[in-house]
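Take a look at the structure below.
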Amino acid sequence: MKTPIRAAVSAVALATAVAGCTSSTGGASPPASPLGAVRLVAYDSCDELLAGLRERAARNVGAYGFGGVMPLSPVAARADAAAESKAYSGAPEHSTTNVHEEGVDEPDMVKTDGDRVLTVTDGTLRVIDTATRKVTSSLKLTEGDAPGVPGDLLVSGDRALVLLRGGDIMYKSVDAMPPGDTRYVLVDLAGTPKVLNTVRTGDSYVDARMVGSTVRLVTRGRPAITFPDPGPDATEAERIKQNQDAVRRAPAEAWLPTVEIADATGAARKESVPCERVSHPADYTGTSMLTVHTIDLARGLTDTGTDPIALAADGDIVYGTGRSLYVASNPRWWL
């Protein structure tokens, strides 16, 4: 029996806002339409997952792979937050990141708690004392990397999650540029800053939100399928047929997201998201997989790692409230 995961449909208002905030590249904009009910359903088994993903992906693969338009309606994955939003209690004593929802923090390259300012630039985390305005400590997180690695921060108490993003930060299409060495570094700020854990997913970073000390981190990946080279004389129909055959031979591991977690010593463990933690909407392409990772900065990473859940859908917009996390896909990015 199929069991729905905890999920919520993105409201019509959200879909309309997504369309309204996107500039047109020419021509009339398609009218917004109600989404109706979207129900996310978990796969019963790995066999069912593989059959469904192969079938959908084979329908949508093109002559040159999975590039091009992603015809998905906006959907939203919901995760109950571990802590509720704090009530607004007047003007703060220090400035914070501008956010859309009170009590839902968003990543930023500068954070402050009033006593210290934290910044991340060129892969280096710096702590600045607000009283003396001097850098009290710094921690290099990207040894061997070229300068200019984009990064953001989320901070709770004496813990920081540094989001260091790979090559696709300016690209909405995963095919446009590989994700590079995207990783998420959990840092202990008590005393001299030190790395507690480093998380790598191999997927593209989408966005993150934090409620209380709990971070929901959204990543996006494509199936790891190598398509054949039919030669320069192959017709488009022949290319598509060979690519469809490659999709139908691909194992479940080609779609299942992986998570690698290293501790302070560098010792790492790598795991795949179990089939039973992957869900799908009624309409999906099988060409993209979203993963929602949960990291409680106060507790740190436990035996469950990032406790990931995955969704066979695409998404490039994240919105959070005190109780829900919404991930929406805007097809007009691909036009």
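Of the residues that sit in segment 186-203 and are touching a residue at least 60 places away in the same chain (Cβ under 8 Å) and farther than 12 Å from residue 260 by Cα, which one is surrounded by the most Cβ atoms within 10 Å (Cβ to Cβ)? Don't jump to the end; show me each part of the working.
Within segment 186-203, the first condition is being touching a residue at least 60 places away in the same chain (Cβ under 8 Å), and the residues that meet it are 186-187, 189, 193-201, 203.
Now drop any that are not farther than 12 Å from residue 260 by Cα, which leaves 186-187, 189, 193-196.
Values: 186: 20, 187: 24, 189: 20, 193: 20, 194: 12, 195: 18, 196: 16.
Across segment 186-203, the extreme among qualifying residues is 187.
Give the residue, chosen from 88, 64, 43, that is farther than 30 Å from residue 232 by Cα, modelled with pLDDT of 50 or more and of a type in the set (Phe, Trp, Tyr). Full working, then the answer.
Working: 88 fails: modelled with pLDDT of 50 or more; 64 fails: farther than 30 Å from residue 232 by Cα.
Just a single option satisfies the conditions, and that option is 43.
Looking only at segment 133-173, filter to residues that are modelled with pLDDT of 95 or more and of a type in the set (Val, Ile, Thr); which one of those is farthest from residue 301 (Cα to Cα)?
In this case the residue turns out to be 135.
Check 237, 264, 268 and return the single one that is among the hydrophobic types (A, V, I, L, M, F, W, C) and out of contact with any strand residue (DSSP E or B) (no Cβ under 7 Å at 6 or more places or on another chain).
On the way: 264 fails: out of contact with any strand residue (DSSP E or B) (no Cβ under 7 Å at 6 or more places or on another chain); 268 fails: out of contact with any strand residue (DSSP E or B) (no Cβ under 7 Å at 6 or more places or on another chain).
Going through 237, 264, 268 in turn, just one is among the hydrophobic types (A, V, I, L, M, F, W, C) and out of contact with any strand residue (DSSP E or B) (no Cβ under 7 Å at 6 or more places or on another chain): 237.
Please pick out the residue among 296, 314, 245 that is at pLDDT 95 or above, closer than 25 Å to residue 61 by Cα and either crowded, with 16+ Cβ neighbours inside 10 Å or of a type outside the set (S, T, N, Q) (or both). Let's see the steps before the verdict.
Values: 296 fails: closer than 25 Å to residue 61 by Cα; 314 fails: at pLDDT 95 or above.
Sole residue among the options that is at pLDDT 95 or above, closer than 25 Å to residue 61 by Cα and either crowded, with 16+ Cβ neighbours inside 10 Å or of a type outside the set (S, T, N, Q) (or both): 245.
Among the candidates 280, 293, which residue alone is in contact with a strand residue (DSSP E or B) (Cβ under 8 Å, 6 or more places away or on another chain) and closer than 19 Å to residue 43 by Cβ?
On the way: 293 fails: closer than 19 Å to residue 43 by Cβ.
Going through 280, 293 in turn, the sole match is 280.
Quick check on residue 323: is it farther than 21 Å from residue 225 by Cβ, of a type outside the set (Ser, Thr, Tyr) and at pLDDT 95 or above? Even if it seems obvious, please write down each step before you answer.
On the way: farther than 21 Å from residue 225 by Cβ: yes; of a type outside the set (Ser, Thr, Tyr): yes; at pLDDT 95 or above: no.
Against the criterion (farther than 21 Å from residue 225 by Cβ, of a type outside the set (Ser, Thr, Tyr) and at pLDDT 95 or above), residue 323 does not qualify.
Restricting to segment 179-236, give me the number of residues that are more than 21 Å from residue 118 (Cα to Cα) and within 14 Å of the chain's Cα centre (by Cα). Explain how you work it out, then say what you get.
Initially, segment 179-236 is screened for residues more than 21 Å from residue 118 (Cα to Cα), giving 179-181, 200-206, 218-236.
Add one more test, that the residue is within 14 Å of the chain's Cα centre (by Cα), and what stays is 179, 200-206, 218-222.
Total meeting the criteria: 13.
Suppose the filter is in a loop (DSSP other than H, G, I, E, B), within 30 Å of residue 314 (Cβ to Cβ), modelled with pLDDT under 85 and more than 22 Å from the chain's Cα centre (by Cα); does residue 176 pass it?
On the way: in a loop (DSSP other than H, G, I, E, B): yes; within 30 Å of residue 314 (Cβ to Cβ): yes; modelled with pLDDT under 85: yes; more than 22 Å from the chain's Cα centre (by Cα): no.
When the stated conditions are applied, residue 176 does not pass them.
If a residue has to be among the aromatic types (Phe, Trp, Tyr) and assigned to a helix (DSSP H, G or I) to count, how many in segment 236-279 make the cut? Break it down into steps so the answer makes sense when it comes.
So in segment 236-279, the residues among the aromatic types (Phe, Trp, Tyr) come out as 255.
Filter once more, keeping what is assigned to a helix (DSSP H, G or I): none.
Number of matching residues: 0.
Exactly one condition in (1) within 15 Å of residue 58 (Cβ to Cβ); (2) out of contact with any Lys or Arg (no Cβ under 7 Å at 6 or more places or on another chain); (3) surrounded by 19 or more Cβ atoms within 10 Å (Cβ to Cβ) is not met by residue 219; state its number.
Against the list (1) within 15 Å of residue 58 (Cβ to Cβ); (2) out of contact with any Lys or Arg (no Cβ under 7 Å at 6 or more places or on another chain); (3) surrounded by 19 or more Cβ atoms within 10 Å (Cβ to Cβ), residue 219 comes up short only on (1).
The values are calculated or read from the model by the stated rules, or taken from the named source; none is laboratory data. What you are looking at is a predicted structure, and each value in this text was computed from that prediction instead of being measured. Cβ: placed from backbone, ideal geometry, glycine included. Neighbour counts: every protein chain shown.
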